[in-house]
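Student: Before anything else, here's the structure in question.
The values are calculated or read from the model by the stated rules, or taken from the named source; none is laboratory data. For clarity, every value in this text was computed on a predicted model and none was experimentally measured. Neighbour counts are summed over all protein chains in view; Cβ atoms, including those assigned to glycine, are modelled from backbone coordinates with ideal geometry.
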Amino acid sequence: MRKNTKAKAKVIRLYSQGFSIRQIADITGISKSTVHRIVNGEVGKERKRGEKNLQIYKSMSEKLKSKLKTLLTLRTEEKGISRPLSNSQIYEMIKLDLFEENINLKKKAFYSFLDYFIIREFGSQEKLEKQRRLKKEISKFVQSKGTVKREVALWEIDATGYEWEGKNYSIMQVIDTFTGYVFPAMIVENKEKNAKHYNKAFNSLDVAYYLMTLFIQYGVPKAIKSDNEKIIKNDYIINALKELGVEYRNTKSYNPSSKIIERFFRSLKDTARTIRASGFEGTIEDLWHLSIEHFNKESHNFKHIQGAFSPLELVNSYGLETRQVDEETIRMAFAQKFERKVINNQIKIDNLIYEFIYHKTENQLGRKRKNLPVLCLRDIENITKLFVYHAETGEYLGTANLISQPADLETIKDKQIKQKQKRIQKRIQKLEEDKAMLEVEALQEDPYKPDINLEEIQLENLPVEQQIDEEEPNILEQLLAEED
């Protein structure tokens, strides 16, 4: 039965595309007589159904048509959701009017006529939905071809580069995909020369801190969308989002059109260019803030809402639809987690020593005593305190306080300088290898050269670092100057 239905549907589809009965028979392998019977039967039924609906439509008075249009566009609102009348409710409310005009339609026939009526009066089902749905719901019923679907409470995060006063900066940005609202950005200077990729400017802690501050200020979204960058797509960030009930989604690889935020970056940069041309004086933070403010207040033609609105107007009208979660819960979700053991009432993390006094008595003493396994949570904004839990049972044991002098934690600037120094050391090593090769080639060309400097031979046997100090004391400074 299923095969017959599929074959029948294929025949009708090919016939609607303009194929002849003979061509359809050759393509499908069905006899011409069967194809002819299917085509005449289905097309005939559809033609008859259309003719009948047309007769009913012509026989209806303008008053009845107007009433039916009103019922189709009528809606009620319940908990912020639009509730249009169902086809069954419309039938019950209008069947007496139909009977008065001598139009006898059973419920099933009325449903078929209603589809015809909607196309005649509204153009399509989608156009009807635009009239009877709330603006924030239109995207669920109307999807423009070739556009990315925008959902309520779906945020997208990405970063871009920007040059300002001869320096390169990386800007991390989050947007609300439905309202188009652009949140405040995180901006850092790229200390590494020609570093265009934001993976070299930000790390996972920066992403965690940025998202944490946004969640505290604007609420927790339903989902966050990003590309496959490791600083975002890693266990630390994904687990933190999971704890807060936020779904993590990936954009399609090698498909920039699936990233709505890329279009926003273009608009923000165009706005920044206009502001600079008007004689702007200030920092890059001030410039980008003005660009965001202008974008949020300016009207945009949003296809998913089918109208021109400003993001700020949509936020004020409908809100961001985020969940309010207390700040402590958000901070604990993004806290750094370390598995350690308590040794002599101390916990060591990253060369920092925390004092933790655990008063519970232990059965084992002396050499048989086992160090207590713990799970430590550290707020990314406060390294002086740990929240300590039992690693096996999950029981909260208390807090540990920093007692050692805090070491200087590696900043973004330190990270970039280290990368720069590594490249310089590689260049020095390459220069030394090239120099050694040249000397070997010179000896091979003239092995009996009389003027061999004994100091040069001794210098070759010295370590590379000492050779640099003895022979070229300023090479490191020269390379650093070249990088700058």
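Student: List every residue pair whose Cβ atoms lie under 6 Å apart, where the two residues are 6 or more positions apart in sequence or sit on different chains, the first residue falls within the stretch 166-187 and is over 18 Å from Ser204 (Cα atoms) and outside any loop (DSSP other than H, G, I, E, B), and the second residue, located anywhere, is modelled with pLDDT under 90 and not aromatic (Phe, Trp, Tyr).
Tutor: Listed pairs, sorted by first residue: Lys167/Glu189; Asn168/Asn190; Ile175/Ile261; Asp176/Leu320.
Student: Now a separate question. For the list (1) farther than 28 Å from Glu129 by Cβ; (2) in contact with a Lys or Arg (Cβ under 7 Å, 6 or more places away or on another chain), I need the number of the one condition that Ser310 fails.
Tutor: (1)
Student: Assess whether Gly180 counts as being in contact with a Leu (Cβ under 8 Å, 6 or more places away or on another chain), of a type in the set (Gly, Ala, Ser) and in the same structural domain as Ile216 (by TED's automatic domain parsing).
Tutor: yes
Student: A further question follows. Return the total of residues in the stretch 203-224 being part of a helix (DSSP H, G or I) and not hydrophobic (A, V, I, L, M, F, W, C).
Tutor: Going through the stretch 203-224 one residue at a time, the tally reaches 7.
Student: Further question: Name every residue in the stretch 361-412 that is touching a strand residue (DSSP E or B) at 6+ places or on another chain (Cβ under 8 Å), modelled with pLDDT under 85 and of a type in the set (Lys, Arg), in order of residue number.
Tutor: The answer is none; no residue qualifies.
Student: Residues of the stretch 210-233 being at pLDDT 85 or above and out of contact with any strand residue (DSSP E or B) (no Cβ under 8 Å at 6 or more places or on another chain), which ones?
Tutor: Met212, Thr213, Phe215, Ile216, Gln217, Tyr218, listed by residue number.
Student: Hey, could you check the stretch 319-331 for residues that are outside any loop (DSSP other than H, G, I, E, B), touching a residue at least 12 places away in the same chain (Cβ under 8 Å) and surrounded by fewer than 16 Cβ atoms within 10 Å (Cβ to Cβ) and say which is nearest to the chain's Cα centre (by Cα)?
Tutor: Taking the candidates together, the pick is Arg323.
Student: Got a sec? Which of Arg2, Arg37 is modelled with pLDDT under 80 and surrounded by 11 or more Cβ atoms within 10 Å (Cβ to Cβ)?
Tutor: Step by step, each of Arg2, Arg37 is checked, and only Arg37 is modelled with pLDDT under 80 and surrounded by 11 or more Cβ atoms within 10 Å (Cβ to Cβ).
Student: Take the residues in the stretch 84-113 that are touching a residue at least 40 places away in the same chain (Cβ under 8 Å) and under 16 Å from Lys67 (Cα atoms); name whichever of them is surrounded by the most Cβ atoms within 10 Å (Cβ to Cβ).
Tutor: The residue in question is Phe113.
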